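Novice: I have a structure I would like to understand better, so I am pasting it below and will then ask my questions one at a time.
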Amino acid sequence: MLGSGPSMENSQKIILVLTFLVPGLPVAAQQTDPDVIWKGDFEAGASSLSGHCSAGDDQWCSIETIRPQQIQVVADPVAQGNYAARFEVKYGDVFSYYSDARSLMSGPPALWENEGNERWYRWQALWPQDWVGSFPKWDELSNPSARSSAGSFVEWHHDANGGVEHGSAPLYIGAGDSDIWLCLVDQATSSCRENISLAPLQRSHWHDFIMHAKWSSQPGVGFLELWIDGVNVLPKHVAPNMYPGMRNYLEVGLYRNGHIGDPNLLYPNGQHVYGTNGTPGVAYLDGFIIGKTQQSVLNERPWGTPPPDAGPADGGTGQDLDGGTGPQVGLATVGSGGGGCASGGPQLAWLAVPLLALAFTRRLRIRRGA
């Protein structure tokens, strides 16, 4: 028996208060998961974009831009929390001595991946309605089918062992005109040795990505798994995803051929390929998190509500993270019943109420010798 009196009444009051308050609290506010390695969710506002370079820092370390409009923190659209990042790249956005146009951002050096590291990653990406996923290839303008990619959005680059980086990164993820793609690069040729179409692109929709990676340059050791909107679009794919003797580091943002948008570029008939605005491309990023386990990225926080027109991403036939079928993913129910980020906040918060009540009751029992 718990007994009665002031102690019991106080406990009941505490539980009653928790019942009203908990539904409004994000999961992250209730507990800190020790398996979460890092968060780059832009919730520190504009200060999220750079300067967070020390071990243990959340948010981003450095940017590669030449004008302030290239990377901005915005309050709309967002996938979670209060802020997301808007990336813009156009002709002339050439940083330092590089040749390609870029609006890129990287995390702290402590995130660099060594041979054998195994990690879970989660992020949300949105490509707007007017997104153009490919452009005429600048050196094959007489061939209408020759196209140049609009660029990657998330990549893991090689570190060149402290020297000048040459060639393409080992892994790129981006969006074309109709699909979301992944490229695993051949180090010798800097071209895709594997170009994998992951899922159809839904413009103006927050695609929710979860990636499981074991980083290795060894065949038969490294692997990738990917879910988009809760659907397993890339079952465990065993392949090298690093270069021998090098580490990988994360970069996000738009990165494309520097000739795209060149106002002086002409077709063979003398017609201009582009206008005079530099052909800007825009995409949005939110909610980046890295963890040691699946659960650390699934349940760190609830996610946003899917748009009204979001339908099943795969007709309900995709494999989920628990090995079953359908788009449901963990407690957060990412993409549940549709191709978007399903709301898991209130459900998860109410689930916490009886757990918290039980904790207070158990503490009282111990105190009273029950």
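The values are calculated or read from the model by the stated rules, or taken from the named source; none is laboratory data. The model shown is predicted, which means the values in this text are computed figures rather than measured ones. Heads up, the Cβs are rebuilt from the backbone with ideal geometry, glycines too, and the neighbour counts pull from every protein chain shown. Please note that ligands, DNA and RNA were not included when accessible areas were found on the heavy atoms of the full protein model with its side chains. Shrake-Rupley method; radii C 1.70, N 1.55, O 1.52, S 1.80 Å.
Novice: Is the range 106-264 rounded, prolate or oblate when judged by the Cα gyration tensor, a ≥ b ≥ c being the square roots of its eigenvalues, rounded requiring a/c under 1.5 and prolate requiring a/b larger than b/c?
Specialist: It is oblate, given that a/c is not under 1.5 and a/b is not larger than b/c.
Novice: Let me ask you something else. Could you provide, to the nearest whole Å², the per residue accessible area of the range 158-219 with probe 1.4 Å? If you can, show how the numbers build up before the last one.
Specialist: Working: 2450 Å² over 62 residues.
That works out to 39 Å² for each residue.
Novice: Under a straight-distance cross-link criterion of Cα-Cα below 25 Å, which lysines are reachable from Lys90, leaving out those fewer than 8 residues away in the same chain?
Specialist: Within reach: Lys137.
Novice: Among the lysines, which fall within straight-line cross-link reach of Lys236, defined as a Cα-Cα distance under 24 Å, with same-chain neighbours fewer than 8 residues apart omitted?
Specialist: Lys214, Lys292
Novice: For a quick check: with amide H placed at 1.01 Å from N, whose amide H comes under 5 Å from Glu113's, ignoring anything fewer than 5 positions away on the same chain?
Specialist: Result for Glu113 returns Asn248, Tyr249.
Novice: Cα centroids of the range 113-161 and the range 185-205: how far apart, whole angstrom?
Specialist: The range 113-161 and the range 185-205 have Cα centres spaced 7 Å from each other.
Novice: Would you kindly derive the ³J(HN,Hα) couplings of the range 55-60 from the backbone phi angles with the Karplus curve 6.51 cos²θ - 1.76 cosθ + 1.60 (θ = phi - 60°), listing them in order in whole Hz, with x for Gly and Pro?
Specialist: In residue order, the calculated couplings are 4, x, 6, 8, 6, 9 Hz.
Novice: Continuing with the same structure: Counting only protein heavy atoms and using a 1.4 Å probe, what share of the accessible area of the range 99-241 belongs to carbon plus sulfur, as a whole percent? Mind dumping the intermediate values first?
Specialist: Numbers: 2610 of 5290 Å².
On the range 99-241, the fraction of accessible area on carbon and sulfur atoms equals 49 percent.
Novice: OK, next. In nanometres, what is the gap between the two model label sites at Ala55 and Glu194, each 7 Å from Cα along Cα-to-Cβ?
Specialist: The two pseudo-label positions are separated by 3.2 nm.
Novice: A further question on this structure: Amide H neighbours of Ser62 under 5 Å, at least 5 residues apart or on other chains, H built in the peptide plane: list them.
Specialist: Placed amide hydrogens put Gly51, Ser106 under 5 Å from Ser62.
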